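Chemist: One structure, as structure tokens, below. Some questions next.
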Amino acid sequence: MRKVRVALWGFGAMGQGIARTLHNRQGVEVVGLCDSRPDYQGRSLHELLGLPQGQAVRVQVSPRIEEALKDTPIDCCVIATDSYVQEVFPKVEAVVTRGINALTIAEEMSFPAAQHPQLAERMDQLARKHGVSILGTGINPGLMMDLLAVCLSGAMTEVTHVRCERVNSLSPFGATVMREQGIGITPEQFEAGVREGSLAGHVGFAESAAMIAHALGLPYDQFSQRMEPIITQVDRKSPHGFAASGQVAGVRMTASAVREGEERISLIHPQQIEPQLAGVDTGDYISLTGTPPVHMAVKPEVDGGLGTIAMACNLLPFLVAARPGLLTMLDLPVPRCVMGDYRQIAFGEAYNG
Ligand code: NAD
């Protein structure tokens, strides 16, 4: 039986990691590659990843998605280009209308109904019409500050408050994330960026809060978030970013979801490049107030770069097998590291080895 066939749209830090991980997995292959970077054009997957030349040497980067999706059949296209529903929607549409499942790590796609209910409805209709499924996943949103809290709540008889804190390093992420966080800009530029709305900080709080509220039946009527710069006292250099002393090395984001004046969900997320240079220990913490109270601490943090790459690769075969429609992490099986053959999950009982 043929392998699960995957196209990648976006070959940056995450897209390359996803390609490398899939290369080492069983029963799956990358058959199409789209990225707009001029210096990648016409170059092969193997050359760009520094892998030994193999059969997949024929897979070359193209700036045109039609080219990357032409070697049919394709079971899933992984979109790793954007953060926002509005930007990724046309890409999802282009994939889905070709009858291909779409998996994206765009943060807002983890729960698109949170801020874009109409586009979410449209994507759901498109997916059903073409008999495919759409999923937004990643480390955060996607697991550490939402799905994990939801899972832990399964051991409780009542939840009155959810608190998720993620103290993490931005170092593994690519140019897009560096730009969105304002890495390397001055405090004045940061203030101006927040005023003008050109700095995103962490994208996904609205989606994480909505996912938790939806899953637990813990609605809120007010949602607010704040962002403050983390100014470094020492020069910090990461693979894709640089902040000199006195410049922005990260962002501290907080969010609060409140019902009738009472806080129900609190999200706290200081993230920066090279946190160890400022003596900051990373970690993930969840505190669920209720019966019984549940507290979780993971130290150091789950690696954000590898974590996102893993989430995309691990959910991929389940998405291929999933029912048609716009899905969220609440709809798919519990995430797990897929060490076996992708075909067994993606093609189910039809696979006979
Ligand atoms: P990156 O900047 O390293 O890579 C993005 C790549 O997409 C670049 O190579 C760029 O040339 C390409 N690209 C952009 N628009 C394109 C288009 N229209 N056509 C073809 N190629 C295009 O970024 P990254 O670190 O790989 O992250 C990718 C996205 O995933 C970002 O928006 C990031 O915020 C998001 N992300 C989400 C999570 C999560 O937990 N959900 C985690 C990490 C990254």
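Chemist: Calculate the all-directions average of the projected area of the range 147-301's alpha-carbon convex hull, and give it in nm².
Modeler: Mean projected area of the Cα convex hull: 9.3 nm².
Chemist: Below 8 Å between Cα atoms, with a sequence gap of 6+, how large is the relative contact order for the range 141-267 in percent?
Modeler: 31
Chemist: Separate question: Highest first, please rank the peptides 67-76, 286-295, 309-318 by the mean number of other Cβ atoms sitting within 10 Å of their residues.
Modeler: 309-318, 67-76, 286-295
Chemist: Mean separation of Cα pairs under 8 Å and 6+ residues apart, divided by the residue count of the chain: what relative contact order is that in percent?
Modeler: Relative contact order of the chain: 21 percent.
Chemist: Give me the mean projected area, in nm² to one decimal, of the convex hull enclosing the Cα positions of the range 1-97.
Modeler: Result: a mean projected hull area of 6.2 nm².
Chemist: Calculate one ³J(HN,Hα) per residue across the range 328-337 by plugging θ = phi - 60° into the Karplus curve 6.51 cos²θ - 1.76 cosθ + 1.60, and present them in order as whole Hz with x for glycine and proline.
Modeler: So the Karplus estimates, Gly and Pro as x, are 10, 4, 6, 8, 8, x, 3, x, 8, 6 Hz.
Chemist: Two-decimal Rg/Rh of the range 199-273 from alpha-carbon positions, Kirkwood Rh?
Modeler: 1.13
Chemist: Which far-off residues, 5 or more places away or on another chain, put their amide H under 5 Å from the one on Ile230, with H placed in the peptide plane?
Modeler: Ala249, Gly250, Val251, Arg252
Chemist: I need the phi-derived Karplus couplings for the range 24-37: 6.51 cos²θ - 1.76 cosθ + 1.60, θ = phi - 60°, integer Hz, Gly and Pro marked x.
Modeler: 8, 9, 9, x, 9, 9, 8, 10, x, 8, 10, 8, 8, 5
Chemist: Once Rh is set to the Kirkwood radius over Cα pairs, what Stokes-Einstein translational diffusion coefficient, in µm²/s, holds for the chain at a temperature of 37 °C and a viscosity of 0.692 mPa s?
Modeler: 157
Chemist: What's the ranking of 36-46, 159-169 by average number of surrounding C-beta atoms within 10 Å, highest first?
Modeler: 159-169, 36-46
Chemist: Give me the extension gain from Glu158 to Gln86: residue separation times 0.36 nm, minus the current Cα-Cα distance, reported in nm with one decimal.
Modeler: 22.3 nm
Chemist: Moving on to the next point. Note the full-extension length gain between Asp303 and His214 as 0.36 nm times their separation in residues minus their Cα-Cα distance, in nm to one decimal.
Modeler: Stretched out fully, the Asp303 to His214 stretch lengthens by 29.4 nm.
Chemist: Something else now. Sorted by packing (mean other beta-carbon atoms within 10 Å per residue), highest first, where do 9-20, 146-157 land?
Modeler: 9-20, 146-157
Chemist: Let me ask you something else. Beyond 19 Å, what share of the Cα-Cα pairs of the range 223-353 is found? Please give it as a whole percent.
Modeler: 69
Chemist: In the chain, what percentage of the DSSP-assigned beta bridges are antiparallel, given to the nearest 5?
Modeler: The answer is about 55 percent antiparallel.
Chemist: Dipole of the chain, Cα-centred, from +1 at each Lys and Arg C-beta and -1 at each Asp and Glu C-beta, to the nearest 20 debye?
Modeler: The calculated dipole for the chain is roughly 1020 debye.
Here, each number is a calculation from the coordinates, and none is a lab measurement. It should be emphasised that the depicted structure is a prediction, and the values quoted were computed from it without experimental measurement. Here the Cβ is made from the backbone with ideal geometry for all residues, glycine too, and neighbour counts use every protein chain on show.
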